[in-house]
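The values are calculated or read from the model by the stated rules, or taken from the named source; none is laboratory data. Everything numeric in this text was worked out from a predicted model, so none of it was measured. No Cβ is skipped: glycine too gets one built from the backbone with ideal geometry, and neighbour counts run over all protein chains shown.
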Amino acid sequence: MAKKYYITTPIYYPSGNWHIGHCYTTVICDALARFHKLMGEDVFFLTGTDEHGQKVEKEAAKRGITPREFIDPLVAELKDMWRLLDVEYDRFIRTTDDDHVKAVQYIYQKLYESGDIYKAEYEGYYCTPCESFWTEAQLVGGKCPDCGRDVTLQKEESYFFRLSKYAPALLKHYEEHPEFLQPKSRVNEMVNNFLKAGLTDLSVSRTTVKWGVPLPFDPKHTAYVWIDALSNYVTALGYGAEDGLYKKYWPADLHMVGKEIVRFHAIIWPAILMALGEPLPRQIYGHGWLLIGGEKLSKSKENARPELTDPYELVKRYGADAVRYYLLREIPFGSDGEYTTERFLLRVNADLANDLGNLVSRTAAMIVQNFGTLPARGKVEGTDGELIALAEGAFEKVKDAMARLNAPDALEAVFEVVARANKYIDETTPWILAKDPAKRERLGAVLYNLAEVCRICAILLKPFLTKAPALILKSFSCDENAGFETLKFGALKEGAEVVKLPPIFPRIDIKKELAEVEKAVKKGGTPPPVSPTPEGRGIAKKPEISIDEFGKVELKVGEVIACEKVAKSEKLLHETVKIGGEVRSVVSGIAKFYTPEEMVGKKVVVVTNLKPVKLCGVLSEGMILCADDGKGGLALVSPEKAVESGATVR
């Protein structure tokens, strides 16, 4: 039976636009989940959204809509962002999910019946953005100690959780399990500032907030949003249900969170689990912040400097691999890290374009030019042994770094091999060997060694990059699904087909790019696209297909006879399309480029034999074709001259 690995991100609060700061934790967790899957473990990766509370209630009221109408489009955008970055979670939980609501009520009922929840009256200073209560002594300059914003004095009837009761048990757990909270700086903060200073009982219900989970024993009260949110880690596994995944995956192996919410995860959450009689998570890691201009990234500060912070634009311009690599490689884990466009571009150019991309393209090109297919391995001589030993030893370094949750160190170990391989090219001078027929066997051995390094590095990079490794493996006729068990040097077979690749990560003119970014961001727009990326502009060509395979796609001309916006989405339009004698419902992600009024009357090309799906609750029975205009926009594909709807596109 495979070892289990349960990893979670915090669940994100949908109160504004998503930015690169939101991606940091989730990309780290995705890399860890992918790594453990490649290790052969049974992985469950959880992320989601925290949707209740006063903040959402107020934001919705400002707009004159319901809380659900406010959050649904934001949740859809977050899911799109994770798809964009190739985040492969096993469940996306929403605290508005029916099973979560029922499980939270089950938790409250259990705590109430055990006497760990009691009714009293609460008076304290409340910070709405942080959803936190503070005593007057905890305030800093009369403001919230976490975010520095204004607080309001609130007094209301409330149910309390006996948090103070569990302080001794929590202290003991910290002492007996030094790995429980990392890094160590977070431990000192929790123990000295909270546990040893003494815990007060926690208000865990509200009567003034209606957008929340009603308490089963007193429906006029709703659950405190943090108890609601923290419970997601067990409710997602079916806690309280007989047929859930809870017994299989709990306790969590890792809760990855930002340092600003460590207190909730390292004190309140384990105390609740103790009260429920459930095991505590194995580890909580409170990482640092992604800073811009020395400040934590937030919506209100996104334009303080000329930086791109929109993940959609970053991936569109530079590719998901580049964004993932920067987040995983550049930020010192456990500490705060600074994001700037310049640092991002320098890292992408130096590591991905110059080192990795150059190694792969040079190796493949020299093999194709000199041998056509992969040459024989040949004998080991000169510096071959050093390169081989470094390549074979990289996995243990990566494994050790990932056990410490240190993705930057893991990537450094891989790129140490890449750098050594580039130096090996300079040492062995294959271009000179190629001129001497007597050195042909040696040339083959050198190029074989380089191809093997490319293969091994591609496999080691699979947890971190999601596009480039497959391209590299395919170029050397390797199984794209190859795992860590294939890392031993010498697996490539003589005579295997080698495909010459264009640059996987084209080099960026940093000076020109910075000027374009600054100019565009200051104007409130986005710069024109840059060079091709592994995502599809230039190198990630789709596999060739036969005319028979193409013939399976049915394309017809349709006429849009009605169109409206999809209520739950900012990106989707719902078109009613007449295709010959048939009328179909089609949903398209083009609301940012066309208004419903512009669409009516247009002749469009429709894929008519796609399996119907529902998007935001609206049936879509086809796909309208569009072209990327290369400037961040889309253009409808339409017939050159007038044709009847229903005409077949050949």
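Summary of values
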read-out	value
Any helices (runs of 4 or more DSSP H) falling wholly within region 1-88 and containing at least 2 residues that are over 13 Å from the mean Cα position of the chain (by Cα) and of a type in the set (D, E)	54-63, 67-84
Conditions (1) under 30 Å from E330 (Cβ atoms); (2) in a loop (DSSP other than H, G, I, E, B); number of the one not met by S477	(1)
The listed residue being within 34 Å of the chain's Cα centre (by Cα) and surrounded by 21 or more Cβ atoms within 10 Å (Cβ to Cβ), out of V560, V587	V587
Single match in G357, G393 (criterion: under 33 Å from the mean Cα position of the chain (by Cα), closer than 17 Å to G490 by Cα and not charged (D, E, K, R))	G393
Those residues of region 232-260 which are crowded, with 21+ Cβ neighbours inside 10 Å and either of a type in the set (D, E, K, R) or part of a helix (DSSP H, G or I) (or both), in sequence order	N232, Y233, V234, T235, Y249
Positions within region 506-528 being among the hydrophobic types (A, V, I, L, M, F, W, C) and either modelled with pLDDT of 75 or more or over 25 Å from the mean Cα position of the chain (by Cα) (or both), in sequence order	I508, I510, L514, A515, V517, A520
Hits in region 95-122 - residues which are surrounded by 17 or more Cβ atoms within 10 Å (Cβ to Cβ) and not in a helix (DSSP H, G or I)	T95, T96, D97, D116, I117, Y122
Qualifying residue in region 128-146 (condition: in contact with a Gly (Cβ under 7 Å, 6 or more places away or on another chain), assigned to a loop (DSSP other than H, G, I, E, B) and crowded, with 17+ Cβ neighbours inside 10 Å)	yes
Subset tally (residues that are surrounded by 18 or more Cβ atoms within 10 Å (Cβ to Cβ) and outside any loop (DSSP other than H, G, I, E, B)) for region 213-231	10
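For every residue, the table says whether it meets (1) touching a residue at least 40 places away in the same chain (Cβ under 8 Å); (2) in a loop (DSSP other than H, G, I, E, B); (3) more than 19 Å from L411 (Cβ to Cβ).
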position: D355; (1), (2), (3): yes, no, no
position: A364; (1), (2), (3): yes, no, yes
position: V368; (1), (2), (3): yes, no, yes
position: R377; (1), (2), (3): yes, yes, yes
position: G382; (1), (2), (3): yes, yes, yes
position: L390; (1), (2), (3): no, no, no
position: G393; (1), (2), (3): no, no, no
